[in-house]
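Below: the structure, in structure tokens.
The values are calculated or read from the model by the stated rules, or taken from the named source; none is laboratory data. For clarity, every value in this text was computed on a predicted model and none was experimentally measured. Here the Cβ positions follow ideal geometry from the backbone for every residue, glycine too, while neighbour counts run over all protein chains shown. Ligands, DNA and RNA are excluded from the accessible area calculation, which covers all protein heavy atoms including side chains. Shrake-Rupley method; radii C 1.70, N 1.55, O 1.52, S 1.80 Å.
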Amino acid sequence: MAKLKVNGQEHEVEVDGSTPLLWVLREQLGLTGTKYACGIGICGSCTVHVDGKAVRSCTLPVSSIEAGQSITTIEGLSPDNSHPLQAAWKALDVPQCGYCQPGIIMAAAALLNENPDPSDADIDARVDNICRCGTFNRVRRGIHQAVKHMKGGRSA
Amino acid sequence: MSRERIDVGRREFLISTCKVAGLGTAFSLGLHLPLTATARSRGWGDEQPSDGLPEVNAWVVIEPDDTVIIRIARSEMGQGTLTGLAQMVAEELECDWDKVITEYPTPGENIARDEVWRSFSTGGSQGIRGSHSYVRKGGAVAREMLLQAAADEWDVPKGECRAANSVIIHAPSGRTTTYGKVAAAAAELFPPLHVELKDPKDWKLIGKPVARLDTADKTNGKQVFGADLQLEGMLNAAIRACPVFGGKLESYDAAKIEGMPGVRKVVQVGDDAVAVIADTWWQAHTALQKLPIVWDKGPNATVGSADIDRMLEAGLSSDDKVFVGNSNGDVQSALKSAAQTVEATYSYPYQNHATMEPMNATAVWSEDKCEVWCPTQNGTAALEAAAEAADLPISKCDVYKIHLGGGFGRRGAFHDYVTQAVLIARQMPGTPIKLLWSREEDMTHGHYHPVTKCRLTGALDEDGNLTGLHARISGQSILAAVRPQWMGEDGSDPITFQGFHKDGDHAISYTVPNLLVEHAMRNPHVPPGFWRGVNINQNAIYMECFVDELAHAAGKDPLEFRRRLMADHPKSLAVLNAVAERAGWGKPAGGGIHRGLAVVKTFASYVAACAEVSVSQEGKLSIHRIVAATDPGYAVNPQQIEAQVEGSFVYGLSALLYGGCTVKDGTVQETNFHDYPSMRIDEMPEVETIVMPSGGFWGGIGEPTIAVAAPAVLNAIYAATGKRIREFPLRNADLRPA
């Protein structure tokens, strides 16, 4: 039995504690926005937030989630697809096939949580997800556009 | 191009009399998933099948509120074809673009309706160039029927009515109505005998950088991929097939795992695989790891990369199974009389498609029907695979297509994952079962980019002009393994010569007075497949790097050297000149940055690139900027062309830098992204895309640019280091300046 707080909702799930968080999200909670691609924590498609920080959920046993920790998935990033990153992604048509994009958006969102004005080098270091379609340049532009929007929002 | 008069044939008649066959609704589950991404993003229900609504024709269904549903037969896998094809239908339809949504018809419906949607195959960069005419016609026919319905209602001549933005106006009386109001009446009409397609200069929507129709659900997790599918009562399967190609399953000990959590059944799949069916995929996967399996590894159990390399090496100088792909003049004489000859041998390794979404399919089987939900580049081929595995007639099966989490050629000609899913489902009748491959299964059971080598010999005269070129390719034929029916009568594989052809979609970009291009077919046991770009990827490296070698040997500037061979290839020359000019070729780049060029014609498009790189004293490569030009004839959606061009560099350069599958004991050794890496954002160069459609022809977009990525970078590396790298991937090469 695992107790999880996901996207603000408490869940109790009957699952073996060694099950990776990814598969609990996808198969027990039906949150399939978080993707399986490599299963060894190096491609980033499974990125979610635990207490606001990006983690790769495919190698994180659900038992390692501590009581009180808060998990956010792509489905919970905003209530209406309106997070500045989501808005920028739509404005720039960032996704191609789209499979890796939830992970990329979550990695970028965690970066912006910590660093509201990241440099290109910061982006390189923190949004190092694999995208085989090759959306990287629009990903970078999308992050910068979201930052611009957030700054504008604050100063307004 | 002027207005095109198109006869409306038998298919359109069938459309109007047949209406929606609604095959899907006759099935037990009858789920249309995901029907329309855009429908949901606009706040409608998850399933909004158009079945039951009157269709104007096969391509167009209009709802009373003026929502226009455009049916798309080709598959969306990121390349944007869904939006591009919808633009083309909408252009002629004269509908309100803001109210357009899309849906996939099923391949079963297509067969039941005499293939009204024609080809479902989504490969060879054919999505738009292979269907532009009939999808525009589909829009035009629907428009004429809608106009006729309004004219009938008003009792006026149709010629006095016109349409724009889904509104029909009768100018003499000032009356107006909307498509939604007359769609039901239009659906009852016979289609017109002839329609005229617009002159391209009158296009309003084709050529505009409109936003994709499928983006919103890809930013909030709502887009359902095949791997995400959840059906009522569904179980999950994990599979392992014999790691050696050509091997078989000998035995397995199901008793060892049958008591594990969630495990329902352990089943043999065909003659070479075993699957575990469990409540969840993680349970199935976990149990499968613990399943004792004995393989009969078959005749290829000891083959390694060195064996394959020797086989190809021998083909470089053999007379056995050698086919000529292009020739003119007398190469041997040119080589004999040359002032200087240059020779080089290049090799290109196996590549895995490595789609981000591993192979998967969901199937439910009973004695009288079989349904499959899957990502596929070819719904018809998926249906054929399903029917065969189901041992049922095609009319009792159907396939529901789902957007792909990457295709790149892996999910077009090969539906091994569909076959497996149905074979598994047959062993649990009535229960939907989702089969999902692990990444490791995906990496080791691909249909790989083929291996070839190429020895090139060039003849230069005293003035440094190219007088002769002999290219001997040795290696694997895709067609021999995948499409033997497409091979020449002599057993040759014409697509091996992609980029070397005398003319056509993949013609050579140069005029060489004495030319001989040959292929010694050598087919190792590792299964080859169509990998985005296919054979142009390595052929462009061979040709464009060797032309660079020849230019340097001749003491010529690589741009000038090429130009002298391109007088009869003006469109290729135009894209080459465009990138050279934009990049500032001939002027120093500064900062240790060096440039390299490449140009090809492929998939009927003309593309060129100029790469700017630097290489540190330690041999670290940085790719700073790439200027790319493409002339696809017509540019349907320029911003999506830019996206495809940028993405092509990631796919092409990932292969160059890191790709390469090696073989040991008959088995592919690379199992995941740790040993088969892919480019990441920190390596991504700035890309400047020049879209320069010259009109009059239709070229592809999704693949061509990949071909110029590697040679442009390799030529720039030579400029920076004086090193010619002829074996790949580059991660194995020492790039420290010579």
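What to note about this one:
- Per-residue SASA entry for B:TYR350, accessible area with 1.4 Å probe, Å² rounded to 10: 10
- Convex hull volume of the C-alpha atoms in the protein assembly as shown, normalised per residue: 173 Å³.
- Here, region B:491-570 is characterised by an Rg to Rh ratio of 1.01, where Rg is the alpha-carbon radius of gyration and Rh the Kirkwood radius.
- Gyration tensor verdict on region B:220-301 (Cα atoms; rounded if a/c is under 1.5, prolate if a/b is larger than b/c, oblate otherwise): oblate
- Listed residues B:ASP682, B:ASP568, B:ASP734 arranged by accessible area, highest first, probe 1.4 Å: B:ASP568, B:ASP682, B:ASP734
- Chain A - mean residue ellipticity at 222 nm from DSSP helices (-39,500 (n - 2.57) per run, n ≥ 4, rounded to 500): -10000 deg cm²/dmol
- Its relative contact order, with pairs defined as Cα atoms under 8 Å and 6+ residues apart, puts region A:84-155 at 50 percent.
- For the listed peptides B:262-270, B:442-450, a ranking on the average number of other beta carbons within 10 Å per residue, highest first, reads B:442-450, B:262-270.
- Stokes-Einstein translational diffusion, region B:450-512 - Kirkwood Rh over all Cα pairs, 1.567 mPa s, 4 °C, in µm²/s: 96
- Across the options B:LEU93, B:GLY409, A:CYS100, the greatest Cα extent toward the positive end of the charge dipole of the protein assembly as shown (unit charges at beta carbon of Lys, Arg, Asp, Glu) belongs to A:CYS100.
- Under 5 Å between amide hydrogens, built in the peptide plane, is the criterion, and for B:TYR350 it picks out B:CYS661 among residues at least 5 positions away or on other chains.
- Formal net charge of residues neighbouring B:VAL322 (Cβ-Cβ distance under 14 Å; K, R +1; D, E -1): 0
- Size estimate for chain B follows the Kirkwood approach: the inverse of mean 1/r over distinct Cα pairs works out to 27.4 Å.
- In the complete set of protein chains, residue-level accessible area for B:TRP97 is approximately 40 Å², probe 1.4 angstrom.
- Test item: B:679-692 mean partner chain Cβ contacts at 10 Å: 4
- Across the alpha-carbon set of chain A, the Rg to Rh ratio works out to 0.97, Rh being the Kirkwood radius.
- Burial of 10 Å² or greater, region B:352-382 residues [accessible area, probe 1.4 Å, versus chain by itself]: B:ALA354, B:MET356, B:GLU357, B:PRO358
- Length gained on full extension, B:ARG563 to B:ILE169: 136.4 nm, using 0.36 nm per residue less the C-alpha separation.
- Tensor-based shape of region A:2-76 (alpha-carbon gyration tensor, a/c under 1.5 rounded, otherwise prolate or oblate): rounded
- Carbon plus sulfur fraction of accessible area for region B:164-271, probe 1.4 Å, in percent: 53
- Near B:GLN340, the amide H atoms lying under 5 Å from its own belong to B:LEU460; only residues 5 or more places off or on other chains count, and H is placed 1.01 Å from N.
- The B-A contact accounts for approximately 4300 Å² of buried accessible area, totalled over both chains at a 1.4 Å probe radius.
- Applying a threshold of 23 Å to the alpha-carbon distances of B:LYS401/B:LYS434; A:LYS3/B:LYS222; A:LYS5/B:LYS222; B:LYS181/B:LYS222; B:LYS99/B:LYS222; B:LYS453/B:LYS502 flags A:LYS3/B:LYS222; B:LYS181/B:LYS222 as lying beyond it.
- Surface/4 estimate of mean projected area, convex hull on alpha-carbon atoms of region B:328-430, nm²: 10.9
- R0 of 30 Å, Cβ-Cβ distance A:ALA91-B:GLU115: FRET efficiency to nearest 0.05: 0.15
- Listing of region A:28-61 residues, each with accessible area lower by at least 30 Å² in the full protein assembly than in the chain alone (probe 1.4 Å): A:THR32, A:LYS35, A:TYR36, A:ALA37, A:CYS38, A:ILE40, A:ILE42
- Taking max minus min of the alpha-carbon positions on each principal axis, region B:155-265 gives extents of 83, 34, 33 Å, largest first.
- Compactness relative to 2.2 N^0.38 Å, alpha carbon Rg of region A:84-155: 1.01
- The alpha-carbon atoms of region B:188-230, seen along their principal axes, cover 45, 32, 16 angstrom, with the largest extent given first.
- Cα centroid separation, region A:1-43 to region B:150-187 (Å): 54
- Remark: the B:GLU686-B:ASN732 segment gains 14.1 nm on full extension, using 0.36 nm per residue and subtracting the alpha carbon distance.
- Residues whose amide H lies under 5 Å from that of B:TYR634, counting only those 5 or more places away or on a different chain, are B:GLY695, B:PHE697, B:GLY699; hydrogens are built 1.01 Å from N in the peptide plane.
- Contact-buried residues of region B:404-432, at a threshold of 30 Å² lost accessible area versus the chain by itself: B:PHE408 (1.4 Å probe; DNA, RNA and ligands ignored).
- Alpha carbon Rg of region B:150-194, scaled by the compact-globule rule 2.2 N^0.38 Å: 1.10
- The shape of region B:60-110 comes out oblate: with a ≥ b ≥ c from the C-alpha gyration tensor, a/c is at least 1.5 while a/b does not beat b/c.
- Rounded to the nearest 20 debye, the dipole magnitude of the protein assembly as shown is 1280 debye, with +1 charges on Lys and Arg beta carbons, -1 on Asp and Glu beta carbons, and the Cα centre as origin.
- A P(r) calculated from all alpha carbon pairs of region B:76-169, with 5 Å bins opening at zero, reads 3, 12, 19, 21, 18, 12, 9, 5, 2, 0 percent.
- Per residue, region A:84-155 exposes 32 Å² of solvent-accessible protein surface, assessed with a 1.4 angstrom probe and all protein chains in place.
- Per-residue ellipticity at 222 nm from helix content only, as computed over chain B with -39500 (n - 2.57) for each DSSP H run of at least four residues, stands at -8000 deg cm²/dmol.
- Within chain B, the whole DSSP H helices whose Cα atoms reach 20 Å or more along their own axis and whose mean Kyte-Doolittle score is at least -1.0 are B:132-154, B:536-553, B:638-657, B:704-721.
- Think of a 1.4 Å ball rolled over the protein heavy atoms: region B:683-728 then has 28 Å² of accessible area per residue.
- Rounded to the nearest 20 debye, the dipole size of region A:84-155 about its Cα centre is 280 debye, using +1 on the Cβ of Lys and Arg and -1 on the Cβ of Asp and Glu.
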